[in-house]
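A short worksheet on the structure shown next.
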Amino acid sequence: MSDLIKRAERFARERHAGQFRKGAAQEPYTVHLEEVANLTERWGGGENAIAAAWLHDTVEDCPPISSADLASLFGDEIASIVAELTDDKSLPKAERKRKQVENAPHKSNDASLVKLADKTSNVGAIGKSPPADWSLERRLAYISWADEVVERLPFAPKEGLDEFYKRYDIAELDTYDDLGTIRQGENAGLRVIERRAKRLGASDEKIRQIMLGFMEGAFQK
């Protein structure tokens, strides 16, 4: 680990101290930052991208930290990546989410990679430890919105997309398992099978055969 990344990690851990994730498990927020940094590195991110992964929420969630502060401490390039990943907290939440979708296609490669890692971590958390007061509809709306953002990123390595969609599928199934009916869960399972077949390049006829086979097997139980 380079000195730059070590400094970014130490700074992020200090600034986010005392913050926790929204999930029922109430994990320290630094668990999320560490996962985003690890995913960024695993998917080929360089030193600046990994440092930005550690720092990506400092301006947004740790006032009075500013982009100028990050530029002074870590350089203009890292500050610029973080700026691409920072929401304007003065806007209503719905507008901030809309802007994430709108701005996704314009991200640099480094910001795209960190954004993909961030959304992968967050969608995984919806499956493993969602906020206790979130309804089925809110959980599904969140993962659907995350997918909208990811689909518009100009740079996303296959390994990263595969992991994102794996967690997306699990989060959807877990949501219906936790809060939905048996029929809703079964329908979600069929959708996941169809999506995975499409991602693997299966033809429409092959997908039809897979779905029929699945349904026949279910009926025989």
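Using the Cβ-Cβ distance between Asp133 and Lys89 with R0 = 22 Å, the FRET efficiency computed as 1/(1 + (r/R0)^6) comes to roughly 0.55.
Placing +1 on the Cβ of every Lys and Arg and -1 on the Cβ of every Asp and Glu, with no other charges, gives the range 125-221 a dipole of roughly 200 debye about its Cα centre.
Every helix of 4 or more DSSP H residues in the chain counts as -39500 (n - 2.57), and over all residues that averages to -23000 deg cm²/dmol at 222 nm. Between rounded, prolate and oblate, where does the chain land on the alpha carbon gyration tensor, with a ≥ b ≥ c its root eigenvalues, rounded for a/c under 1.5, else prolate if a/b exceeds b/c? Because a/c hits 1.5 or more and a/b exceeds b/c, the chain counts as prolate. The mean sequence distance of close C-alpha pairs (under 8 Å, at least 6 residues apart), as a share of the length of the chain, puts its relative contact order at 18 percent. Remark: relative contact order (the range 42-110) = 33 percent; criterion is Cα-Cα distance under 8 angstrom and separation of 6 or more residues.
One chain, two ends: Ser108 and Phe20. Fully extended at 0.36 nm per residue, the span grows by 28.8 nm beyond their Cα-Cα distance.
Stretched out straight at 0.36 nm per residue, the stretch from Leu212 to Glu77 would grow longer than its current Cα-Cα span by 43.4 nm.
Taking amide H as placed 1.01 Å from N in the peptide plane, Arg21 has its amide H under 5 Å from the amide H of Glu27, Tyr29, each at least 5 places away in sequence or on another chain.
Sorted by average packing, counted as other Cβ atoms within 10 angstrom per residue and highest first, what order do 161-174, 87-100, 45-58, 20-33 take?
On the way: 161-174: 19.1, 87-100: 12.2, 45-58: 24.9, 20-33: 16.9.
Packing proxy ranking, top to bottom: 45-58, 161-174, 20-33, 87-100.
Here the dipole of the chain is about 520 debye; that uses its Cα centre as origin and unit charges on the Cβ of Lys and Arg (positive) and Asp and Glu (negative). Please say if the range 26-113 is rounded, prolate or oblate, where rounded means a/c under 1.5 for a ≥ b ≥ c the square roots of the C-alpha gyration tensor eigenvalues, and otherwise the choice is prolate for a/b larger than b/c and oblate otherwise? The shape class here is rounded. Just going by the charge dipole of the range 50-163, with Lys and Arg at +1 and Asp and Glu at -1 on Cβ, which of Tyr142, Pro154, Val82 is farthest out on the positive end? Most positive-ward Cα: Tyr142.
The numbers here are math on the coordinates, done by the rules we state, and not lab data. Keep in mind that what you see is a predicted model, and the values were worked out from it rather than measured. Heads up, the Cβs are rebuilt from the backbone with ideal geometry, glycines too, and the neighbour counts pull from every protein chain shown.
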